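First the structure, in the form of structure tokens, and then the observations on it.
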Amino acid sequence: MRFQRRWMMVFVSGMLPWLVLMCADTTDADSPVATGDWIGLFDGHSLDGWEGDPQYFRVQDGCIVAGTLKKKIPHNYFLCTRETYGDFELSFEAKLVGEGKNAGVQFRSQRIPDETEVRGYQADIGIAWKRPVWGALYDESRRRKMLAEPDAQLAKSLVRPGQWNEMRVICRGDRIQIYLNGTQTVDYREDDDTIERTGVIGLQIHSGPPTEAWYREIRLRRLDP
């Protein structure tokens, strides 16, 4: 037994450098490099740090609720951060309640003066054009088109209707990645150098039938370019 213990100690000592190297090699070289800690963009009880129409945005049960179930929503409305962000990782949870089932989260976006609209990228939420668009990348009020989206069946299989869905957006340089409930749905490269790479984060409620978009656990960390 004493010989066996001694042999095991020698074996483990010899393997240790290799184990360290193996662990180091499993790191994704293309994974985001954070330059700061995670910060909460929503404190859970107020809209401090945000600006938008109070008729369509409120805090309830520790969540930001966009829209209303009492009447038709006449325009797209956005609750936007007062601060701008460039390269970052954004994480949040969202769910939809009501008839409309269409919303989204803006990023690298800008307010359009004298309008309710914003201009910029959107991580889409819900259903549009009679298909699920959860986890798609839309260009709101600029090119006005889908830039990238998952297969409709994949989006349908990933989403939890009427329940909380976790989404993650990673922006670094010209690359944008979107994840829905842990699965990547978009990996997009922007080839237009005139497109802004900084802007506000915005929570949308889409025009249309009575609908509420609920948002919570909104947090962000800045990344190296």
* Out of all the residues in the stretch 197-214, is one or more open to solvent by 50 Å² or more (accessible area, probe 1.4 Å), farther than 17 Å from K95 by Cβ and either touching a residue at least 12 places away in the same chain (Cβ under 8 Å) or small (G, A, S) (or both)? -> yes
* Asked: Can you name every residue in the stretch 33-55 that is open to solvent by less than 50 Å² (accessible area, probe 1.4 Å), assigned to a loop (DSSP other than H, G, I, E, B) and farther than 20 Å from S109 by Cβ?
  -> G36, G44, S46
* Asked: Among the residues of the stretch 169-187, which ones are closer than 19 Å to E149 by Cβ, open to solvent by less than 30 Å² (accessible area, probe 1.4 Å) and in contact (Cβ under 8 Å) with a residue 40 or more places away in the chain?
  -> V169, I170, C171, I176, I178, L180, T185, V186
* To do: Output the number of residues of the stretch 120-138 satisfying the condition of being surrounded by fewer than 19 Cβ atoms within 10 Å (Cβ to Cβ) and either within 13 Å of C80 (Cβ to Cβ) or of a type outside the set (K, R) (or both).
  => 3
* Give the residue that is nearest to C63 (Cα to Cα), with candidates limited to residues of the stretch 215-225 that are open to solvent by 50 Å² or more (accessible area, probe 1.4 Å) and at pLDDT 95 or above. => R216
* **Residues of the stretch 89-101 satisfying the condition of being surrounded by fewer than 22 Cβ atoms within 10 Å (Cβ to Cβ) and part of a strand (DSSP E or B)** => E89, L90, S91, E93, K95, V97, G98
* On the given criteria, is R58 in a strand (DSSP E or B), at pLDDT 95 or above, over 28 Å from L223 (Cα atoms) and of a type in the set (D, E, K, R)? -> yes
* Single unsatisfied condition, V159 versus (1) open to solvent by less than 40 Å² (accessible area, probe 1.4 Å); (2) over 16 Å from the mean Cα position of the chain (by Cα); (3) modelled with pLDDT of 95 or more -> (2)
* If you go through the stretch 125-136 one residue at a time, do you hit one that is of a type outside the set (D, E, K, R) and touching a residue at least 60 places away in the same chain (Cβ under 8 Å)? -> yes
* Mind checking whether some residue in the stretch 128-135 is in contact with a His (Cβ under 7 Å, 6 or more places away or on another chain) and modelled with pLDDT of 95 or more? -> no
* Asked: Which numbered condition trips up R143, out of (1) open to solvent by 30 Å² or more (accessible area, probe 1.4 Å); (2) touching a residue at least 24 places away in the same chain (Cβ under 8 Å); (3) basic (K, R)?
  -> (2)
* Out of curiosity, is Q153 without any contact (Cβ under 8 Å) to a residue 24 or more places away in the chain and either within 15 Å of the chain's Cα centre (by Cα) or buried (at least 21 other Cβ atoms within 10 Å of the Cβ) (or both)? -> no
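The values are calculated or read from the model by the stated rules, or taken from the named source; none is laboratory data. All of these numbers come straight from a predicted model, not from anything done at the bench. FYI the Cβ positions are ideal-geometry reconstructions off the backbone, even for glycines, and counts take in every protein chain you see. SASA here: full protein model, heavy atoms, side chains in, ligands and nucleic acids out. Shrake-Rupley method; radii C 1.70, N 1.55, O 1.52, S 1.80 Å.
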